[in-house]
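Here's the structure we're looking at; comments come further down.
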Amino acid sequence: VQVVGAFFDGCPNCDRTDKPHPLEVSYDYAAWAARDLLSQWRSRPLGVWSYRELLPLGAGLNPISLGEGATPLTRVADDGHARLWVKNETRNPTGAHKDRFHSVGVSMAQFLGFDRTTSGTTGNHGASLAAYAALANMRCLIFCDPASPDVLRHMAQLYGADVVVTRKRHEHLAWLTHERGWFPSTGLTPMPVGNPYGLEGYKSIAYEIFFQLGGNMPAHVVVPVAKGDALYGPWKGFNELQALGHRSQPLPRMHAAQSTGCDPVVQGFAAHADVVPVHPNPKTIALSIGDATAAPLSLSTLYDSGGSAEAVSDHDILAAMRRLARAGIAAEPSGAAAFAAAAQMNARGVFAPDEDVVCIATGAAVKWPAELEMAIMAHELRDDDTTAVRAWIDGRMLS
Ligand SMILES: *Cc1c(COP(=O)(O)O)cnc(C)c1O
């Protein structure tokens, strides 16, 4: 690996044109295909670092890893024609797919010689970064949205990070990066898009799904979208599987799920736009996907893959949380949004019979107690009176 710079502001060559582009890590796919890398991968256990030939950290260097990835792919029953699967990313070390991102991003930060790292966040991103920074023995400072839950701010501090609660997280992030030399684990490029190294960690979501489906491409993948990193990363991963030699099946169509209360990608897709519009007043219980705008890469992924963008109401997101819970998966609202969108599309007949549709359940409910409480149908009695408790139980069993 030849590293010539960190390039947090995107590709320096593209910057001089009118089309700025984030740095893209690329690999010699033909050489790896010739060595039949795919067969080697097939015999390895799942997990981000099982696929390190296509990660930017050089061979022989120790990754910063908490055992992220290798999450279950669970079939969830649905009345529609297609088979719905849920990739249960709530099972990651800090309860979100973001751990894949930071395992690679923080490993690269350490390799590049940084000892300080920062990010802006609605909650999950910051808590995850703080955990990996702790393991790497790096100073960590998180800029948190005022609406992010106490639990996530407290988790970040338990991992040793400093937290600043502010509405101006992007401004401060740019200052710490440019003026103080910190490693930004969120995007700086005007696009905006995430850290170019962290993004590489999301490719393993695609590889794992492929192997969990017995070496088959799913027909559709539905992803809850904020900036679009978790949509683009797996798309890149599926393309790499093709570049490594799996050409017998078409690539999956990638679909973006957003809340009707904040759906800039859905609006941009409907307008065939190149640039995602800015939503004037985001208002949704799904705060992790409540960003007012997203990277152009989110739209190009939808166009390139022949996918679509689907908005779901907060009401339907809460219903999806309850349905996932019946399959034993407790997801936060943003984590349930992809399943809500897939179920809605399946009911509308968007998918062909017997197609495999994979929904990414990105984040765990336990970190979002207020939203968790909104999703439940209360089944609770508080009473110390023995007779009252027994009468209540008998009454419940009749219903
Ligand atoms: C970060 C996040 C997403 C998606 O974010 P992108 O910026 O689009 O990658 C989705 N769900 C949850 C729970 C998240 O934390």
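The values are calculated or read from the model by the stated rules, or taken from the named source; none is laboratory data. Model, not experiment: these values are computed from the prediction. Note that we place each Cβ from the backbone using ideal geometry, even for glycine, and neighbour counts take in every protein chain shown. Remember, those area values only see protein heavy atoms, side chains included, never the ligands or the DNA or RNA. Shrake-Rupley method; radii C 1.70, N 1.55, O 1.52, S 1.80 Å.
For the chain, the equivalent ellipsoid derived from the alpha-carbon gyration tensor has semi-axes of 33, 26, 21 Å in decreasing order. In degrees, nearest 10, range 0 to 90: what is the angle between the Cα axis of helix 98-111 and the longest Cα principal axis of the chain? Between helix and principal axis, roughly 30 degrees. Karplus-based coupling profile of segment 240-249, in residue order and whole Hz: 5, 4, 5, 5, 7, x, 7, 10, 7, 10, with θ = phi - 60° in 6.51 cos²θ - 1.76 cosθ + 1.60 and x standing for Gly or Pro.
Expressed as a whole percent, the accessible surface of segment 45-90 that belongs to carbon and sulfur atoms is 50, based on a 1.4 Å probe.
For helix 314-326, report the angle its Cα long axis makes with the longest principal axis of the Cα atoms of the chain; keep it between 0 and 90° and round to the nearest 10°. Helix 314-326 and the main axis of the chain meet at about 80 degrees.
Tell me, what % of the accessible area of segment 318-391 is carbon and sulfur with a 1.4 angstrom probe? Taking all protein chains in place, segment 318-391 shows 53 percent carbon and sulfur surface. At full extension, Asn216 and Asn137 could sit 24.5 nm farther apart than now, given 0.36 nm per residue minus the alpha carbon distance. Just to be sure I understand: with springs between alpha-carbon atoms less than 10 Å apart, which residue in Asn92, Asn62, Asn216 has the highest mean-square fluctuation in the Gaussian network model of the chain? Sorting by GNM fluctuation, first place goes to Asn62. Within straight-line reach of Lys227, meaning a Cα separation under 20 Å, sit the following lysines at least 8 residues removed in sequence or on another chain: Lys19, Lys87, Lys98, Lys168, Lys203, Lys236, Lys283.
Sites listed here are chymotrypsin sites (Phe, Trp or Tyr not before Pro) in segment 87-157 whose DSSP assignment is loop and whose Cβ has at most 13 other Cβ atoms within 10 Å, and the list is empty. Measuring from each cysteine beta-carbon in the chain, the ones with no other cysteine beta-carbon under 4.7 angstrom are Cys140, Cys144, Cys262, Cys359.
Computed with a 1.4 Å probe over protein heavy atoms only, the accessible surface of the chain comes to 43 Å² per residue. Placing Lys283, Lys98 in order of accessible area, with the largest value first and a 1.4 Å probe, yields Lys283, Lys98.
Roughly how many percent of the accessible protein surface of segment 125-260 is carbon and sulfur, given a 1.4 Å probe and a whole-percent answer?
49 percent
Counting only DSSP beta bridges with both residues in the chain, the antiparallel share comes to about 20 percent. In the chain, the longest principal axis of the Cα atoms and the axis of helix 169-180 are about 30 degrees apart. Label separation (Ala147 vs Ala34): 5.2 nm, computed from points 7 Å beyond Cα along the C-beta direction. Applying 1/(1 + (r/R0)^6) with R0 = 22 Å to the Cβ-Cβ distance of Val275 and Asn13 gives a FRET efficiency near 0.60.
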